[in-house]
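Heads up: the structure comes next, in structure tokens.
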Amino acid sequence: MNNIKAIIIDDEPNAVKLLNAMLENFLPHVKVVDTANNVTDGVQAIKLHHPDLVFSDIEMPVHSGLELLDFFEEHEITFKVVFVTAYNQHAVQAIKLSALDYILKPIDPEELIEAVNKLEKLQTKDKINVLKENLKTEKPKKLVIHQKQSIRIINIDDLVCIKADGAYSILITEEGDKIIISQSLKQLEEQLEGHNKFMRCHRSYIINIECVKEASKSKGKITLSNGEEIAATLDGIDAVIQKITS
């Protein structure tokens with residue numbers, strides 16, 4: 001396996017030492033070429049060493065880790081950023097919706113290995129900007145989805161439902177758009193976890209409960225505001241009704 005050049009940016013010296021030691025133990029092909037305890041020094045280290053991978057804390061003095069990419073032009077972002085954070089659940093949800101890679105402190109070796117194994121997925125400023133916007137509100141408002149050669153940013157409030165289509169999923173919006181993406185329903189369910197308006201009501205559907213027009217036990221189906229009809233079990237319909245009325 002080819003060596004991966006990495007830089008660690010964290011204002012906690014013990015956190016830097018721990019992550020360095022974990023990389024040596026579990027991912028010896030990841031070589032830490034430099035460390036920094038703030039974003040300014042981290043930027044200098046990146047421009048000097050041209051790493052493949054940057055591990056960055058988020059909460060740091062002067063500049064947040066979220067400002068890291070602001071110091072680079074788009075063509076200079078040839079490295080992947082993995083955020084290492086002790087953020088709360090709301091912030092973690094915002095990170096997921098922004099399609100950014102992260103590891104929670106204390107670091108789990110399996111999460112570390114998984115993050116490194118996804119090295120081919122580079123960060124973009126657009127995704128960071130979505131995260132910044134999502135962090136400003138109590139309920140994140142935007143979802144980043146990966147397409148073949150690009151990303152697409154969707155307003156979460158515009159989603160009526162998400163339908164499974166084999167290994168793919170179809171995002172259906174209020175305007176009638178049908179967006180096919182190469183993510184499973186399970187992956188999207190994890191991204192939307194904690195966003196209370198969405199629920200998995202069927203093995204093939206995630207629905208926006210604010211778009212439920214009718215949930216009928218006698219008909220055995222759920223009808224959405226766009227006319228989409230979903231066959232559902234009585235238990236599934238009961239769960240939808242309970243979610244709406246709670």
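Please specify each residue of region 38-70 satisfying the condition of being touching a Gly at 6+ places or on another chain (Cβ under 8 Å) and more than 17 Å from Lys5 (Cβ to Cβ).
If the condition is that a residue be touching a Gly at 6+ places or on another chain (Cβ under 8 Å) and more than 17 Å from Lys5 (Cβ to Cβ), then Val39, Asp57, Ile58, Glu59 are the ones that fit.
Looking only at strands (runs of 3 or more DSSP E) that fall completely inside region 1-94, which ones have 1 or more residues that are assigned by TED's automatic domain parsing to the domain that holds Lys118 and under 17 Å from Lys127 (Cα atoms)?
Result: 53-57, 80-85.
From the set of residues in region 15-36 that are surrounded by fewer than 18 Cβ atoms within 10 Å (Cβ to Cβ) and polar (S, T, N, Q), which is nearest to Phe79 (Cα to Cα)?
Out of the qualifying residues, it is Asn20.
For (1) touching a strand residue (DSSP E or B) at 6+ places or on another chain (Cβ under 7 Å); (2) β-branched (Val, Ile, Thr), each residue gets a yes or a no:
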| residue | (1), (2) |
| --- | --- |
| Asn25 | no, no |
| Lys47 | no, no |
| Phe55 | yes, no |
| Met60 | no, no |
| His63 | no, no |
| Glu74 | no, no |
| Val82 | yes, yes |
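Tell me yes or no: at least one residue of region 103-122 is at pLDDT 75 or above, surrounded by 17 or more Cβ atoms within 10 Å (Cβ to Cβ) and of a type outside the set (A, V, I, L, M, F, W, C).
Among the residues of region 103-122, not one is at pLDDT 75 or above, surrounded by 17 or more Cβ atoms within 10 Å (Cβ to Cβ) and of a type outside the set (A, V, I, L, M, F, W, C), which makes the answer no.
How do the pairs read when you match residues in region 33-44 that are over 17 Å from Pro13 (Cβ atoms) with residues anywhere that are assigned to a helix (DSSP H, G or I) and of a type in the set (Val, Ile, Thr), using Cβ under 7 Å and keeping only pairs 6 or more apart or on different chains?
Partner pairs satisfying both residue conditions: none exist.
Only one of Leu159, Leu192, Leu171, Leu188 is more than 17 Å from Cys211 (Cα to Cα), surrounded by 14 or more Cβ atoms within 10 Å (Cβ to Cβ) and assigned by TED's automatic domain parsing to the domain that holds Ser225; which? Break it down into steps so the answer makes sense when it comes.
Values: Leu159 fails: more than 17 Å from Cys211 (Cα to Cα); Leu192 fails: more than 17 Å from Cys211 (Cα to Cα); Leu171 fails: more than 17 Å from Cys211 (Cα to Cα).
The match here is Leu188.
Could you count how many residues in region 32-53 are within 19 Å of Pro109 (Cα to Cα) and at pLDDT below 95? Lay out the reasoning, then the answer.
Going residue by residue through region 32-53, those that are within 19 Å of Pro109 (Cα to Cα) are 32, 53.
Adding the requirement that they be at pLDDT below 95 leaves 53.
The number of residues fulfilling the criteria is 1.
Could you please give the count of residues in region 48-106 that are in contact with a Ser or Thr (Cβ under 9 Å, 6 or more places away or on another chain), in contact (Cβ under 8 Å) with a residue 60 or more places away in the chain and not hydrophobic (A, V, I, L, M, F, W, C)?
Qualifying residue count for the region: 2.
The values are calculated or read from the model by the stated rules, or taken from the named source; none is laboratory data. Just so you know, these numbers come straight off a predicted model, no measurement behind them. Counting neighbours? That spans all protein chains shown, and the Cβs are built from the backbone with ideal geometry, glycine included.
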